[in-house]
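For reference, the structure discussed in these notes is given below.
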Amino acid sequence: MAISANAIAGGAVTAVGLILLAIVTPARWAGQSALAEEAPRVAPTPSVVAEGGVTLHSVSVSFPRSDSTFPGGHEADAINNDCLICHSAGMVLDQASLSRAQWQAEVDKMRNDFKASFAAEDIPAIVDYLANLKNVISQNAGRQPDAKHGAVIVAQGTAAGAPPCAQCHAFNGVSDASGAFPRLAGQSAFYLAGQLRDFASGIRASALMSPIAKALSPDDVDDVTAYFAGVNAPFLPLKAPNAALVKRGEELAKAGGPERLHCDNCHGPGGSGEPPVIPYLAGQYAHYTAFTLQMWQEGFRKNSPDAMEAIAKKLDDQEILAVAAYYQQVPSTLKTAAEAAPK
């Protein structure tokens, strides 16, 4: 892959603005979940790009041009070794069209709030690159997703054999309270599409989802995920979890523990997500979240091993249940606070 030094550097720093993670599906409880994954362990193969003394491990992608040259040396190494644990340069072409001021705020947040390890003098080059993305994206824009067609697929399936998504996830993407199927409503289209592609390729294996994903064309995937991303659906009323378990889960989510990253560091405050790549956890069903973490723990999830597998293996069974219980009840707490606010 031929690529310029500017592009390599720009692609790396774009990772500063984006976060990679995945909501998932676990095998210890295979009998309890319709999404139990089967085991062919097919790992994604990242590309390795080396130029100008900088080596980046990422996916194959053509990066847009930046007007500034991002410095090499220890700054680029810090991004490669630290930022790209959570971020992927492959996300670069799916970024929101933000103003320069908005990108400035995002970069400042990454450095000041999330303690991203890049030097203050590199910030202008980072912001410049991110601000230029919208021009490249608009120039390369092809077919736009059709959310209305996505709604038809969700309700009726496809002629190629994909069943209606609503059978498991409900038409509004809230699934059901059992936690056998994840809540999809309002999840980012980029994240959902990535999961469907991984199901189809075998990187993420599931006896249920893999055949369905294979029956969807690329346009179908774009349309379905655009539909679910645009749905604003209510949260189902759920039984209140054990208060002590929720408190422990909140501690883990907000503070982590020895040699651990806390969940909010990547998934945002209260599990609100970091679109377009990191999914929200707030309001996700506890059974699904716990089952998914155990899939990471046991090595059955393979499409983000450097991030989630490493984190899940540091949690014991009780901690997994606590984190899952905490995130499930977050929306109801926020809703209660909103309702209690003076009108």
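The values are calculated or read from the model by the stated rules, or taken from the named source; none is laboratory data. Note that this is a predicted model, so its numbers are computed, not measured. Note that each Cβ is placed from the backbone with ideal geometry, even for glycine, and that neighbours are counted across all protein chains shown. Ligands, DNA and RNA are excluded from the accessible area calculation, which covers all protein heavy atoms including side chains. Shrake-Rupley method; radii C 1.70, N 1.55, O 1.52, S 1.80 Å.
Points worth noting:
- When only alpha carbons are used to place a centre, region 299-328 and region 140-218 end up 23 Å from one another.
- Per residue, region 204-281 exposes an accessible area of 48 Å² to a 1.4 Å probe, with every protein chain left in place.
- Pairs from the list LYS148/LYS214; LYS109/LYS239; LYS239/LYS302 with a Cα-Cα gap above 28 Å: LYS109/LYS239; LYS239/LYS302.
- Accessible surface of region 188-241, 1.4 Å probe, proportion on carbon and sulfur as whole %: 63
- Computed log₁₀ I(q)/I(0) - Debye formula, equal Cα scatterers, no solvent, region 142-242, q 0.23 Å⁻¹: -1.28
- Among 288-297, 185-194, 165-174, the peptide with the highest mean count of other Cβ atoms within 10 Å heads the list, and the full ranking is 288-297, 185-194, 165-174.
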